[in-house]
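These notes concern the structure reproduced below.
Nothing in this text is a laboratory measurement; each read-out follows from the coordinates by a stated rule. Bear in mind that the values here come from a model prediction, so they are computed numbers and not experimental data. Note that each Cβ is placed from the backbone with ideal geometry, even for glycine, and that neighbours are counted across all protein chains shown.
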Amino acid sequence: AESKEAEAEFLSFEDPLQDKVRVIDYDIASFDHLEADGDGPPLIYKSEEEYQREISQEFEKKRLAEWEGYLRQQAQKVSSPKKKSTELLGKKIKGKPIPLKDVQDGRSTKIVLGEVFYLNQQNLRNGQTLYLFDIYDGTDSLGVKALVRPEQAEQRRRPIPQRLEDLKVGTWVKISGKVEYDRYDSDELVLMADAINEIEAPVKPRIDQAKIKRVELHAHTNMSSMDALPDARSLVKRAHDMGLEALAITDHGVLQAFPEAAAAAKEFGIKILYGCEIYLIDDLQDRRYHHCTVLAKNKKGLKELYRMTSKAHLENFYRRPRVLRQDLQEQREHLILGSACAYGEVYTSLLDSYKMNLQAAQDNAKAKAEFYDFLEVMPIGHNKFAIDKGLVDSLEDLEKLNKLIYEMGKELNIPVVATGDVHFLEPEDVIFRDILQAGQDYEADESKPLLHLRNTEEMLAEFSTWSEQEAYEVVVTNSNLIADQIEEIDPMPDRLYPPNLPGAAEELKEMTYQKAREMYGDPLPAIVLDRLVWELDCIIGYGHAVNYFAAHKLVKKSIDEGYPVGSRGSVGSSLVATLTGITEVNPLSAHYRCPACSYSDFSLGKDYDCGADMPDKLCPKCQEPLIKDGFNIRFEVFMGFAGDKIPDIDLNFSGEYQMQAHRHAEELFGKDYVYRAGTISTVANKTAYGFVMKYLEKTGAQLRRAEINRLTLGCTGVKRTTSQHPGGLMVVPADMDIHDFTAVQHPPGKDGAEVITTHFTYQAIHDHLMKLDLLGHDDPTILRKLQALTGVDISSIPLDDPETMKLFVSTEPLGVDSREIESETGTYGVPEFGTPFTRAMLMDAKPKYFSDLIRLSGFSHGTDVWAGNARELIVKYNIPLSEAISTRDAILIYLIEKGLPNSSAFQIMESVRRGRGLKEEEEALMRQHQVPEWYIDSCKKIKYLFPKAHAAAYVLSGYRIAWFKVHHPMAFYATYLSVRAGVNFDADLAAEGVNALRTEIARIKRKGNEATANERATLTHLEVALEATIRGVKFGRVELYRSEAKEWKIEEDKTLLPPFSALQGIGVNAAESVVAARNQGGLFTSIEDLVLRSKLNKTGIEILRIHGCLEGMNETDQLTLF
């Protein structure tokens, strides 16, 4: 449905030349490079402007109707039940495939097979669809391309089978095609497929067929930082698919896989044993630590594990989170302790003295072993490093060490268990761990231990030199013995546990109704009363009153101290949030209300999507100008259709005030009950690629791009470090302990020493603890400064100001020619609408009303919502801007208006907003209610949708800032440069005027993608400065006794005086030190005096000297006699 062939057909609809000419709509500047694409009539390429001039509005409607028919026809084909074929493209492939490693030359036809591990799809401008994917067969990887032109398949007498949309990552395929050198990819070998068949995986997964299966008591996930590979779900799924019934999670020093493991346990029905491989020490002065496996027996043990982990991170951390033996001993009642791997103290005691004094080694190891509840032995291949290091001489020695531990266990009556120290899932995954270690500059482990998840048969084989009884004992009997001592535990609490603020619910309800009566009178209009009753029943009934009450308190405190607060997320969907001052977004339908007598009128609510769009009107009762309010947002989007969803109240405080807001939250709930929300950073694709290339450099291997891509993907997602959410706070009820929910820790770095974060990520415990999102944002800071500079109350700014609205489609309100500033809009520096992408969107959509701006914000923040979707509908097919899908709420309201049941409309909205597309039955229901095909097609393309309340709040701030740009330009530019530009601005360059600015802008633009991040950031500020200069603003020079540290000052005759930080090379700290010294000590007697009283270094002094700030100042205070 996205392809261009339908377009080509419609463009030539009822055209007498259609048999001779094919028209393709391209907006291009030059035709020199174009060629005819095979048989058929010649191509005529038309620009967008030519096309629009020649095609009438009536023809547009006709074309849209034809397109609708085409989409409906395609949908019927998809929904028609057919027997699933193995042919994804072309015919059934006959012939024997060759291994991918043997595909070495280009320009030859090959048959291969492999598993798809990477897939991408590109819709080309000529109507064809290009599928690019990589396959792996166990020997090598290869890139594949398949070019599909749907209309050709339709026109042939015997259509080419084509259902490549069914191709998925993980699918095994057999492919026939021609191997070529790809000129678009550095002449890499690529297989141009002419036939693709889906096949069953030729390699069967390893399955545990033992009657009684072993339990793995020692397994790591990707939360073992930069060491293990599988995420918890993959590990649990693999254990389940293999047939194991229980599995322990024992990451190095952390418990961060527990939430995902718990969810996987429920999904796959497998018992999880929650534990940790701790770093054990006897004294805090110990530099050497030993590994120890700790498993929680029950809920009490789990809490002790949390406490132990917190102390290890907060008090005992030295390179690793360490646990004192004394603490472990005191807490072990509900824990089970294992001796761990070769780095555990039992094995280490044997290994250290094995060759020198074996008896002494055994005695020492035996003394250590008495501390443990079970002793671990591992496949000898795990410990081959000991041979490489000369600690033992042979594999036989390693066998002997295992046997010594077994005999020791027998003597001490401690069960001995065979554990796998699992770090990856399959034997072949060892290369990924090698790459991770190479990326960290670890010395290569030539033994390459196979730390994969073994089934019972495989683990028994590792102990084949033992008697059958002994092997079965350590592999099966004892692993189950330990597992049976452990209860079924769910580490995640069963519900939300909000904090308690006495009287919160009653006060919330009282203030809500009081404000409602102030705004809408008494008695309240039914539309207001019904909404409030429903919202308050949900909010209070489900225990969320404290969320609202706390947010109200924090916002009010900020506003009282002069800092406005912006809302984000969907909180603007709640009328209670509006009436309690949490958000300015009013979610009721468009309406009038009188600020003097509380009269209200909702009669036009269905005719306007936003109150600001309505015409001005006087109050019929008291003749006061009516306030135009309402954004038409459904409460369901915020708290679910049943009102039982946990609300996310996200707030944007001024960056200058954010830390104060956090302190107020601590005062409100108690400092001991408020924690920063933890986050986890993992290896990203770019970093993983760097690791792979370093590995290849070390090994000297040369690999295809596809194989490099496979190795890169295999290394992504592994935990690198932890951090803190920029504004998230987790609040624990005063009658509970944080360790009822999670462990805690410091974030890394020197700045984290005073901060305590949750050990689990905030996403993992979001449904169990109340989360406050108190973020720092520039918009509230800018609005506060603009309000202070102009005296204008930001709440009084009209949202239908004609000149401000015109700014979004023209530069006329600025009094400049669009060619002078290289922009057709006047939105440089306007939040939400200042980027090249959003400026182009403005010109395509041509917004006329405030509601249009909200839609555009939704388009720009969504994924696959604008480009290739709404843009084409609006620009090419004249779908009204108001009908194209822009936000989540738009779908819900539209489908309900079409007559779909509320629950169905809500479910479709939820599915589409998450990028899950539509189910066949949902499409059928939409068609039953006359939802047009273009709308259904648009839903299926969307990957992520923005909430309307969030868009409304952001546009509200952006629009107000735009109003100041039009009506108070000096205040706008001074504030923009003070808050946004910071140190990424060259004040001297701006002072040189228009030509200097244009030259620098052109230089950066010429660099294109090669421009540095700093240059790209600077470009935006330079464009704003150029615009300001053309509008008559003058840029002064930094002055030692008048410039501020960071703030631009408005001078007479439209001049802006730059701060010290606007000089390249002068940082904020140095700038603030100069101003502080000046304010405290007055005039500087010399340059030497300036250096002594400030934090300026030699470089800073030279910068001030070059910029003329030190003219007439002596170097020193010394007097000369001659």
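Tally Lys and Arg at +1 and Asp and Glu at -1 over the other residues with C-beta under 11 Å from the C-beta of LEU668: what net charge comes out? Within the 11 Å Cβ shell, the charges total +2.
Express the relative contact order of the chain as a whole percentage, based on alpha carbon pairs under 8 Å and six or more residues apart in sequence. Contact order relative to length: 8 percent. In terms of the mean number of neighbouring beta-carbon atoms within 10 Å, the peptides 674-684, 699-709 order highest first as 674-684, 699-709.
Once you reduce region 251-312 and region 837-894 to the center of their Cα atoms, the two points are 49 Å from each other. Label positions at LEU703 and SER681, each projected 7 Å from the Cα along the C-beta direction, are separated by 2.5 nm. Here the Karplus curve 6.51 cos²θ - 1.76 cosθ + 1.60, taken at θ = phi - 60°, turns the phi angles of region 1068-1080 into couplings of 4, 4, 5, 4, 5, 5, 5, 5, 4, 5, 5, 6, 8 Hz, with x standing for Gly and Pro.
Under the simplified labelling scheme, the LEU529-GLU1111 pair shows an inter-label distance of 7.5 nm, with each label point 7 Å from Cα along Cα→Cβ. Take every pair of alpha-carbon atoms less than 8 Å apart whose residues are at least six positions apart; their mean separation over the length of region 965-1051 yields a relative contact order of 45 percent.
Its Cα gyration tensor gives region 968-1106 an equivalent ellipsoid. The semi-axes, each the square root of 5 times an eigenvalue, are 27, 18, 12 Å from largest down.
Which trypsin sites (Lys or Arg not before Pro) does region 318-385 hold that lie in a coil by DSSP with at most 13 other beta carbons within 10 Å? Here the sparse-neighbourhood loop sites are ARG319, LYS355.
The percentage of C-alpha pairs in the chain whose separation is greater than 61 Å is 20%. Exposure proxy for ILE879, ILE278: other Cβ atoms within 10 Å of each Cβ, ordered fewest to most, give ILE879, ILE278.
Expressed in Å, the radius of gyration and Dmax of the Cα atoms of region 576-659 are 15.7, 47. Beta bridges per DSSP, both residues in the chain: antiparallel share near 70 percent. First check a/c for region 87-199, with a ≥ b ≥ c the square roots of the eigenvalues of its C-alpha gyration tensor; if it is under 1.5, answer rounded, and if not, answer prolate when a/b is larger than b/c or oblate otherwise. Cα axes put region 87-199 in the prolate bin. Residues whose amide H comes within less than 5 Å of that of ASP421, counting only those at least five positions distant or on another chain, are HIS218 (H built at 1.01 Å from N in the peptide plane). Sort region 734-781 into rounded, prolate or oblate with this rule: let a ≥ b ≥ c be the square roots of the eigenvalues of the Cα gyration tensor; rounded if a/c is under 1.5, and if a/c is not under 1.5, prolate when a/b is larger than b/c, oblate otherwise. Judged from the Cα gyration tensor, region 734-781 comes out oblate (a/c at least 1.5, b/c at or above a/b).
Listed by Cβ neighbour count within 10 Å, with the fewest neighbours leading, TYR548, TYR184 appear as TYR184, TYR548. Remark on THR1055: its backbone amide H falls under 5 Å from those of LYS1034, a criterion applied only to residues 5 or more positions apart or on other chains, H modelled at 1.01 Å from N. Rounded to the nearest 0.05, the FRET efficiency derived from the C-beta distance between THR863 and ARG319 at R0 = 56 Å is 0.85. Counting charges near LEU89 (Lys, Arg +1; Asp, Glu -1) among other residues having Cβ under 13 Å from its Cβ returns a value of +1. Separation of region 400-448 from region 353-384 is 14 Å, based on Cα centroids.
Applying the Karplus relation 6.51 cos²θ - 1.76 cosθ + 1.60 with θ = phi - 60° to region 177-188 yields 3J(HN,Hα) values of x, 9, 7, 9, 8, 7, 6, 8, 9, 6, 6, 5 Hz, where x marks Gly and Pro. According to the calculation over all Cα-Cα pairs in region 504-643, the P(r) per 5 Å bin from zero is 2, 10, 19, 23, 21, 15, 8, 3, 0 %.
Computed from backbone phi, the HN-Hα couplings of region 375-383 come to 9, 9, 10, 10, x, 5, x, 5, 10 Hz, rounded to whole numbers (Karplus: 6.51 cos²θ - 1.76 cosθ + 1.60, θ = phi - 60°; Gly and Pro given as x).
Based on the alpha-carbon gyration tensor of region 779-964 and its eigenvalue square roots a ≥ b ≥ c, which shape applies: rounded if a/c is under 1.5, prolate if not and a/b is larger than b/c, or oblate? Cα axes put region 779-964 in the prolate bin. Within the shell defined by Cβ-Cβ distances under 12 Å, the residues around ASP429 carry a net charge of +1, with Lys and Arg each +1 and Asp and Glu each -1.
Distance from the alpha carbon centroid of region 546-617 to that of region 918-969 works out to 20 angstrom. In this structure the amide hydrogen of ILE199, modeled in the peptide plane, comes within under 5 Å of the amide hydrogens of TRP172, VAL173, LYS174, none closer than 5 places in sequence on its chain. Looking at region 101-133, the trypsin sites (Lys or Arg not before Pro) that sit in a DSSP loop and have at most 14 other Cβ atoms within 10 Å of their own Cβ are ARG107, ARG125.
The residues ARG998, ARG980, when put in order of fewest to most other Cβ atoms within 10 Å, stand as ARG998, ARG980. Peptides 1046-1056, 421-431, ordered by how many other C-beta atoms sit within 10 Å of their residues on average, highest first, read 421-431, 1046-1056. Distance between the pseudo-spin-label points of LEU412 and LEU124 (7 Å out from Cα toward the beta carbon): 6.9 nm. If you plug the beta carbon distance of HIS334 and ALA1017 into 1/(1 + (r/R0)^6) with R0 = 45 Å, you get a FRET efficiency near 0.25.
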